[in-house]
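Worksheet: the structure to be examined is printed underneath.
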Amino acid sequence: MVLPQPIKLTTKSSSLGPGVVLAQSRFNFLKLKNATITAFDKEEKHALLKQMGVSETYDYRQINYIDQDVTYDYVFDLNCVIKLRDVLKTV
């Protein structure tokens, strides 16, 4: 399996902070386990997420992953906006 190359931070992407590097390391780990990675973020970040190895992207302003009838093996929330008790309903 070939992992995505580390992203090259540009002026635009570097404003995302150190979370980008942390997220990509998590994504690479999950890819090694043949995981399907689904990301919920602003549509403007979808291209960057795809470059990082994300399989599916959704705009969280349009779809709340907690309201979907889907369970996930792993939830990685950089901003921790959603309460933990709600996140636990999805795993």
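Give the accessible surface of the range 17-70 per residue, rounded to a whole number of Å², with probe radius 1.4 Å and ligands, DNA and RNA excluded.
Working: 3400 Å² over 54 residues.
Accessible surface, normalised per residue, equals 63 Å².
Surface calculation, 1.4 Å probe, protein heavy atoms: ARG26 sits at approximately 100 Å² accessible. Using a probe radius of 1.4 angstrom, the carbon and sulfur fraction of the accessible surface of the range 45-91 is 50%. For the range 29-91, averaging the sequence separation of C-alpha pairs within contact (under 8 Å, six or more residues apart) and dividing by the residue count gives a relative contact order of 27 percent.
The values are calculated or read from the model by the stated rules, or taken from the named source; none is laboratory data. Model, not experiment: these values are computed from the prediction. To get the accessible areas, we keep the full protein, side chains included, count just its heavy atoms, and leave off ligands, DNA and RNA. Shrake-Rupley method; radii C 1.70, N 1.55, O 1.52, S 1.80 Å.
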